[in-house]
Amino acid sequence: MMKRRDFLRYSAKGVAGLALPISAIEIVSPGEIFADRESGTRWVFLVDTYKCTGCGLCVKACKLENEVPYEANVTRTWVERYVMTKEGKVWADTPKGARDGFTTNKIDLGEGRFQDVKNEEIQKAFFVPKLCNQCEYPPCVQVCPVGATYQAADGVVLVDRQWCIGCGYCIMACPYGVRFFHPVYKVAEKCNFCYHRINKGLKPACVQACPFGARMIGNIKDPNDPVSKVIRTGRVGVIKDEYGTMPQVYYLGLSREVV
Amino acid sequence: MAHGEIWTLKEFFVTPNEYIYWSIQIVMYPFMTGVVAGAFVLSSLYHVFGIRQLKEIARFALVFSLALLPVAMMPLQMHLQQPMRGIEIFITPHFTSAIAAFGIVFTVYFAIVASEIWFVYRKFIVETALALREKANRTMAEKLWHLTYSVLTLGSYDISEKAIHQDERAVKILATVGIPVACFLHGYAGFIFGSVKANALWMTPLMPVIFIMSAIVSGIALSMLTYIVVMEIRRFIAARRRTAHEAFQSIEEIRGTEVNVVRITSKYLLFFLIFAISLELLDLIFRGYTALKTWDILRRVIYGKDFFDIFILQYGIGNLVPFILFVIPGLTIRRTVVGVILVLFGVFMMRWNVVIGGQSFSLTYSGFMHYVMPIIPHDMETFNEGLFGALLVMITPFVLFWGLNKVFPAFREI
Ligand code: SF4
Ligand code: SF4
């Protein structure tokens, strides 16, 4: 007859033996697999707002490069104009995402209304290009119910057009208004730093198109990368960091009015 | 044209990709899930807490919540840009997403409601199946019914006293387990909104609780309304036949039970209504008092743009008026009908003001968006996300209930 102590010993062994193979089965998400593959690259972006003139060539280039229908009122990147008056009023607009630049001094108030701001009333004014921040902690990835949007090992957040169900949750979750539905593919769409280009050693279309060098891309993990150097040693800002997203698009010359 | 452009008006500084992406169907989604959860909780009040007076309405509310259940996912499905891929939520759920749990919660809840109904109706099913079996020369329809009920017995024909007693225990357990699950089903619909940190109006931990409370309110209201309508129809039929056929009680009897049931149920409705409003007001006051950076734009939406929708339609017509109607003594059926319709409208407006209101201001905090609901559809998109899509979602549960009621008579003594 088996002694009680033996019984306990055998059971303990049995449980341990069973637990071992079970612990080997683990639910992994595609993101985790990617993350395990340590990458020597972390793509980041640097925008020098002092250099931006609001010409909109970046927006135009982006639309053409990434086949976002030219006339559709959605865009992966856009440029905002901020105009502050001496009275302390802040006016801002981005007509058609500044695809055609800013062709008038009047501020676009939407629905065909415009605001005239006289030159002598203006205290300061500047342009701010916007694009996906490829957040370190992207809420858009967190909320996707089917895992169709994910973060690659090099930090870029991508959308799987074959898998996206088009629920729009990621669009709601992005604090930067970067996402939209692609008018043709009917799935979530966003800036991915021209992933197809940067992986071939090319610059993103907007970086290449900017005549003033206001847009730059770099690898923050590379200490010799010029962009990386500026971000590490210079005084740079990011947009809306209060959401804990750790945005990876850095700005030179950011002002408190920028939202 | 970009998705959302057709029904979104933009004003002041709004970034290019911002539109009302979640439109009327996403208003319908929490509204319908809310009604499901509420109807179930109402039925559990009888089964779990043994509130005898609710017996009449409890069984009906249970069957009704089964009819409502498939409709809870209908609006979600209809608003997808890729409806054919909706099934992915079940096959590759991504669990950091609040929506991903939908598949699991929904299935569990469905199983609970379906099995509870089975236990409640088991005796009836067996008796009907046996009665039909014994019957000589059955008609085609009777043969079909026989088949249906035989299948529904699931092979268990034991209706001894002991077995029935066990059934009752099973019902009680299921109803008890069902309450937290129902609350979870709906609370987590609130979580879907409340956890969106990018949205200043949605983000509050109170959202799930607010959703649950108003869900119960709407569930009770719709159950009451449907109950009254059905009772009135029965009264009408009874009056015409002037017989006391087994299924048709006499007119006075029907009227008597009806008023009784309605009065009791309305007390519970009031209780949950007060709770829901208190929470909503707490949320509003707290936001105003703490006045974070986003309060400025929220204030302009709540007290400006959406003032009419929030304070007149939702709180005034949808909450205050029915509240007064219910507290005035001597509640009549007619007054109740008006009251519950207004309550339902109020809960609908609450969903509207959360879902649409939450998208009516820009991420820049200095621009607005206005949703113009498509009325006459001219393509699939404007149908799905317009008035008629919403109406389709509204009437489906009644059609389903009509069918279910034929199999599981919700009003007859069983
Ligand atoms: S900016 Fe928006 S879309 Fe881009 S990674 Fe961050 S949350 Fe996602
Ligand atoms: S729209 Fe597509 S990518 Fe975005 S959350 Fe839904 S399924 Fe994911």
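The values are calculated or read from the model by the stated rules, or taken from the named source; none is laboratory data. Model, not experiment: these values are computed from the prediction. Every residue, glycine as well, gets a Cβ built from its backbone with ideal geometry; the counts of neighbours run over all protein chains shown. These area figures cover heavy atoms from the full protein model, side chains too; ligands, DNA and RNA do not enter into them. Shrake-Rupley method; radii C 1.70, N 1.55, O 1.52, S 1.80 Å.
Search the range B:132-159 for residues being closer than 15 Å to B:Phe119 by Cβ and open to solvent by less than 50 Å² (accessible area, probe 1.4 Å), and hand back the single one that is farthest from the chain's Cα centre (by Cα).
B:Ser156
Do you know which residues across the range A:127-175 are away from ligand 1 (no atom under 11 Å from the Cβ), open to solvent by less than 40 Å² (accessible area, probe 1.4 Å) and in contact with a strand residue (DSSP E or B) (Cβ under 8 Å, 6 or more places away or on another chain)?
Answer for the range A:127-175, where residues must be away from ligand 1 (no atom under 11 Å from the Cβ), open to solvent by less than 40 Å² (accessible area, probe 1.4 Å) and in contact with a strand residue (DSSP E or B) (Cβ under 8 Å, 6 or more places away or on another chain): A:Val128, A:Pro129, A:Ala148, A:Ala152, A:Asp154, A:Cys164, A:Gly166, A:Gly168.
Quick check, is B:Ser23 touching an Asp or Glu at 6+ places or on another chain (Cβ under 6 Å) and crowded, with 24+ Cβ neighbours inside 10 Å?
On the way: touching an Asp or Glu at 6+ places or on another chain (Cβ under 6 Å): yes; crowded, with 24+ Cβ neighbours inside 10 Å: yes.
The answer is yes for B:Ser23.
Select, from B:Ala129, B:Ala72, B:Ala61, the only residue that is open to solvent by less than 10 Å² (accessible area, probe 1.4 Å) and either within 30 Å of B:Gly256 (Cα to Cα) or within 16 Å of ligand 1 (Cβ to nearest atom) (or both).
Working: B:Ala129 fails: either within 30 Å of B:Gly256 (Cα to Cα) or within 16 Å of ligand 1 (Cβ to nearest atom) (or both); B:Ala72 fails: either within 30 Å of B:Gly256 (Cα to Cα) or within 16 Å of ligand 1 (Cβ to nearest atom) (or both).
After ruling out the rest, the residue left standing is B:Ala61.
Report whether or not A:Cys191 is assigned to a loop (DSSP other than H, G, I, E, B), near ligand 2 (Cβ under 8 Å from one of its atoms) and either more than 7 Å from every other protein chain (Cβ to nearest Cβ) or open to solvent by 10 Å² or more (accessible area, probe 1.4 Å) (or both). Walk me through it before giving the result.
Values: assigned to a loop (DSSP other than H, G, I, E, B): yes; near ligand 2 (Cβ under 8 Å from one of its atoms): no; either more than 7 Å from every other protein chain (Cβ to nearest Cβ) or open to solvent by 10 Å² or more (accessible area, probe 1.4 Å) (or both): yes.
For A:Cys191, the condition - assigned to a loop (DSSP other than H, G, I, E, B), near ligand 2 (Cβ under 8 Å from one of its atoms) and either more than 7 Å from every other protein chain (Cβ to nearest Cβ) or open to solvent by 10 Å² or more (accessible area, probe 1.4 Å) (or both) - is not met.
Restricting to the range B:331-365, and then to whatever is over 22 Å from B:Phe307 (Cα atoms) and open to solvent by 50 Å² or more (accessible area, probe 1.4 Å), can you tell me which residue is farthest from the other protein chains (Cβ to nearest Cβ)?
Filtering the range B:331-365 down to residues over 22 Å from B:Phe307 (Cα atoms) leaves B:331-340.
Now drop any that are not open to solvent by 50 Å² or more (accessible area, probe 1.4 Å), which leaves B:332, B:334, B:338.
On the way: B:Thr332: 45, B:Arg334: 42, B:Val338: 36 Å.
So the residue we want is B:Thr332.
Out of the residues in the range A:105-124 that are open to solvent by 50 Å² or more (accessible area, probe 1.4 Å) and within 14 Å of chain B (Cβ to nearest Cβ), state the one that is farthest from B:Gly367 (Cα to Cα).
Within the range A:105-124, the match that is farthest from B:Gly367 (Cα to Cα) is A:Lys106.
Tell me yes or no: at least one residue of the range B:21-42 is facing another protein chain (nearest Cβ under 9 Å), more than 16 Å from the chain's Cα centre (by Cα) and either in a loop (DSSP other than H, G, I, E, B) or free of Cβ contacts under 8 Å to residues at least 60 places away in the same chain (or both).
Initially, the range B:21-42 is screened for residues facing another protein chain (nearest Cβ under 9 Å), giving B:21-22, B:26.
Adding the requirement that they be more than 16 Å from the chain's Cα centre (by Cα) leaves B:21-22.
Then drop every residue that is not either in a loop (DSSP other than H, G, I, E, B) or free of Cβ contacts under 8 Å to residues at least 60 places away in the same chain (or both), which leaves B:21-22.
Taking every residue of the range B:21-42 in turn, at least one turns out to be facing another protein chain (nearest Cβ under 9 Å), more than 16 Å from the chain's Cα centre (by Cα) and either in a loop (DSSP other than H, G, I, E, B) or free of Cβ contacts under 8 Å to residues at least 60 places away in the same chain (or both).
Would you point out which residue out of A:Tyr82, A:Tyr70 is in a loop (DSSP other than H, G, I, E, B) and either open to solvent by 60 Å² or more (accessible area, probe 1.4 Å) or not charged (D, E, K, R) (or both)?
Details: A:Tyr82 fails: in a loop (DSSP other than H, G, I, E, B).
When all the criteria are applied, what remains is A:Tyr70.
For the range B:366-387, give me each residue that is within 20 Å of B:Phe307 (Cα to Cα), open to solvent by 30 Å² or more (accessible area, probe 1.4 Å) and either within 13 Å of chain A (Cβ to nearest Cβ) or not hydrophobic (A, V, I, L, M, F, W, C) (or both). Steps first, answer last, please.
Within the range B:366-387, the first condition is being within 20 Å of B:Phe307 (Cα to Cα), and the residues that meet it are B:366-373.
Remaining after also requiring open to solvent by 30 Å² or more (accessible area, probe 1.4 Å): B:366, B:370, B:372-373.
Passing the criteria: B:Ser366, B:His370, B:Val372.
Pairs, please: C-beta under 7 Å, at least 6 apart or cross-chain, first residue closer than 19 Å to B:Phe368 by Cα and open to solvent by 10 Å² or more (accessible area, probe 1.4 Å) and in the range B:187-207, second of a type outside the set (A, V, I, L, M, F, W, C) and part of a helix (DSSP H, G or I)?
Partner pairs satisfying both residue conditions: B:Lys197/A:Pro139; B:Lys197/A:Tyr243; B:Asn199/B:Gly358; B:Leu201/B:Gly357; B:Leu201/B:Gly358; B:Met203/B:Gly194.
Could you go through the range B:63-74 and let me know if any residue there is within 14 Å of chain A (Cβ to nearest Cβ), assigned to a helix (DSSP H, G or I) and not aromatic (Phe, Trp, Tyr).
Scanning the range B:63-74, I find at least one residue that is within 14 Å of chain A (Cβ to nearest Cβ), assigned to a helix (DSSP H, G or I) and not aromatic (Phe, Trp, Tyr), so the answer is yes.
Count, please, the residues in the range A:131-148 that happen to be more than 8 Å from ligand 2 (Cβ to nearest atom), touching a residue at least 40 places away in the same chain (Cβ under 8 Å) and within 7 Å of chain B (Cβ to nearest Cβ). First the steps, then the outcome.
Residues of the range A:131-148 that are more than 8 Å from ligand 2 (Cβ to nearest atom), as a first pass: A:131-139, A:141-142.
Checking which are touching a residue at least 40 places away in the same chain (Cβ under 8 Å) leaves us with A:131-139, A:141.
With within 7 Å of chain B (Cβ to nearest Cβ) added as a condition, the list becomes A:139.
Summing the residues that are more than 8 Å from ligand 2 (Cβ to nearest atom), touching a residue at least 40 places away in the same chain (Cβ under 8 Å) and within 7 Å of chain B (Cβ to nearest Cβ) in the range A:131-148 gives 1.
Taking B:Leu9 and the conditions (1) of a type in the set (A, V, I, L, M, F, W, C); (2) more than 9 Å from chain A (Cβ to nearest Cβ); (3) touching a His at 6+ places or on another chain (Cβ under 7 Å), which numbered condition does it fall short on, given that it satisfies the others?
(2)
Mind listing just one residue for me: the one in the range B:217-226 that is open to solvent by less than 10 Å² (accessible area, probe 1.4 Å) and not small (Gly, Ala, Ser) and, of those, farthest from B:Leu269 (Cα to Cα)? Spell out the reasoning first.
Of the range B:217-226, the ones open to solvent by less than 10 Å² (accessible area, probe 1.4 Å) are B:217-221, B:223-224.
If we keep only those that are not small (Gly, Ala, Ser) as well, we get B:217, B:220, B:224.
Values: B:Val217: 6, B:Ile220: 6, B:Met224: 10 Å.
So the residue we want is B:Met224.
Condition test on A:Tyr185, is it in a loop (DSSP other than H, G, I, E, B), closer than 17 Å to A:Arg76 by Cβ and open to solvent by 80 Å² or more (accessible area, probe 1.4 Å)? Steps first, please.
Details: in a loop (DSSP other than H, G, I, E, B): yes; closer than 17 Å to A:Arg76 by Cβ: yes; open to solvent by 80 Å² or more (accessible area, probe 1.4 Å): yes.
So A:Tyr185 fits the description; yes.
Hey, any hits in the range A:215-230 for a residue that's closer than 28 Å to A:Ala72 by Cα and open to solvent by less than 30 Å² (accessible area, probe 1.4 Å)?
From the range A:215-230, those closer than 28 Å to A:Ala72 by Cα are A:215-217; that's our starting set.
So of that shortlist, the ones also open to solvent by less than 30 Å² (accessible area, probe 1.4 Å) come out as A:215, A:217.
Yes, there is a match, as at least one residue in the range A:215-230 is closer than 28 Å to A:Ala72 by Cα and open to solvent by less than 30 Å² (accessible area, probe 1.4 Å).
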